[in-house]
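First the structure, in the form of structure tokens, and then the observations on it.
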Amino acid sequence: MAIGSRVLICLTMILVISGTLLVPGHGTCQGDIEGLMKECAVYVQRPGAMVNPSAACCRVVKRSDISCACGRITASVLKMIDMDKVVHVSAFCGKPLAHGTKCGSYVVP
């Protein structure tokens, strides 16, 4: 992974964990978001090819409240992640996002 990508992931993680990029007051899934960013960010970031996630990422996905996390995503986060990749990771890990699920301003087709 390029150094620029690592910096972007770290910066995004810091902003998400601090709540800067999240919509306040939308659930209590902060731990889920932290785990998802730590284990899955590399699989959903822009740009890059769509690849299957790691077992560690899938473990986090399976135990996370994805709809809560989706409710806390802002436009700033959506600029950094590819929602088609998020849908792929979720489905690959056995926890597909339902059609019509809203993640920030993105609606799952």
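Where a number appears in this text, it was derived from the coordinates with a stated rule and is not lab data. On a predicted model such as this, the values are computed, not experimentally measured, just so you know.
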If amide hydrogens are placed 1.01 Å from N in the peptide plane, which non-local residues have theirs closer than 5 Å to the one on Tyr106? none
Could you give the length gained by full extension between Lys102 and Thr74, i.e. 0.36 nm per residue of separation minus their alpha carbon distance, to one decimal place? 8.9 nm
